[in-house]
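These notes are about the structure you will find just below.
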Amino acid sequence: MEQVKSAIHNPFLSPSQRALLSLFLLAGLRLGEVMAITRGQIRLEDGLISIDRAVKVEFGGKQSVGLPKGGKTRNAVMCHTLQSILAKFVAEMAPESHLWAAASENKPRMKKRFYEHWKSAAKAAGLPEEMSPHDCRLTHINLIEKLMPNVSATTLKEHVGHAATGVTEANYTRPITASQQILRDELDRLLGPESQ
């Protein structure tokens, strides 16, 4: 937990690096979801991120943008710490702008180029050299499961996009706003700046 806080609030990170790490560590997004994310998906006023697309890497390295894993969209909760970090980073972006676009056009960076940015951010934050974006997602999920007992299993599944085990739970259960607020508050309590 302390390593996560230290990484996110590291003064040597650029705004782009801080936003990138925060989407993995504070929102638990998947690599393909972060690669494809646009300004329009960041719903600051609602404290949510609309996960409705992801980069898919096909055999031979060809990339396309499609639905997220499992073909289902979801809303990931943004704690106030993440909202603050993203608000600064996306302030001047148009809704259709990719947060990490290819150098010459508004489409996601190729995976190799994206990983270069990831490695630079992880190094600047002091994360272990072998840590991957997926390790950040696992860290995020484990922090919620182990240290945030007020967050229901249903809310966590919706937040990270995991499939439910039962038909009713998979097709009809949705977190209520109060549950999302509990998750938001718990993330801020554990991972927000010391001044909170």
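Summary of computed values
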read-out: Complete set of residues in the range 131-156 that are open to solvent by less than 50 Å² (accessible area, probe 1.4 Å) and either under 22 Å from R53 (Cβ atoms) or assigned to a helix (DSSP H, G or I) (or both); value: S132, P133, C136, R137, T139, H140, I141, L143, I144, T154, T155, L156
read-out: Subset of the range 48-83 [in a helix (DSSP H, G or I) and under 24 Å from K157 (Cα atoms)]; value: K69, G70, G71, H80, T81, L82, Q83
read-out: Given (1) among the hydrophobic types (A, V, I, L, M, F, W, C); (2) open to solvent by 40 Å² or more (accessible area, probe 1.4 Å); (3) in contact with a Lys or Arg (Cβ under 7 Å, 6 or more places away or on another chain); (4) at pLDDT below 90, index of the condition M93 fails; value: (4)
read-out: Residue match in the range 2-14 (condition: modelled with pLDDT of 95 or more and of a type in the set (D, E)); value: no
read-out: Close pairs from the range 83-108: first touching a residue at least 12 places away in the same chain (Cβ under 8 Å) and within 26 Å of R184 (Cα to Cα), partner among the charged types (D, E, K, R) and part of a loop (DSSP other than H, G, I, E, B), Cβ under 9 Å, at least 6 apart; value: H98/K107; H98/R109; W100/R109
read-out: Filtered residue count, the range 110-130, keeping only those that are more than 16 Å from the chain's Cα centre (by Cα) and open to solvent by less than 70 Å² (accessible area, probe 1.4 Å); value: 6
read-out: Residue count, the range 69-80 (criterion: over 16 Å from R43 (Cβ atoms) and either of a type in the set (G, A, S) or open to solvent by less than 80 Å² (accessible area, probe 1.4 Å) (or both)); value: 2
read-out: Filter result (open to solvent by 10 Å² or more (accessible area, probe 1.4 Å) and under 10 Å from the mean Cα position of the chain (by Cα)) within the range 6-57; value: R30, L31
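The values are calculated or read from the model by the stated rules, or taken from the named source; none is laboratory data. Because the structure is predicted, anything quoted here is derived from the model rather than measured. All Cβ positions, even for glycine, are placed from backbone atoms using ideal geometry, and neighbour counts span all protein chains on display. Ligands, DNA and RNA are excluded from the accessible area calculation, which covers all protein heavy atoms including side chains. Shrake-Rupley method; radii C 1.70, N 1.55, O 1.52, S 1.80 Å.
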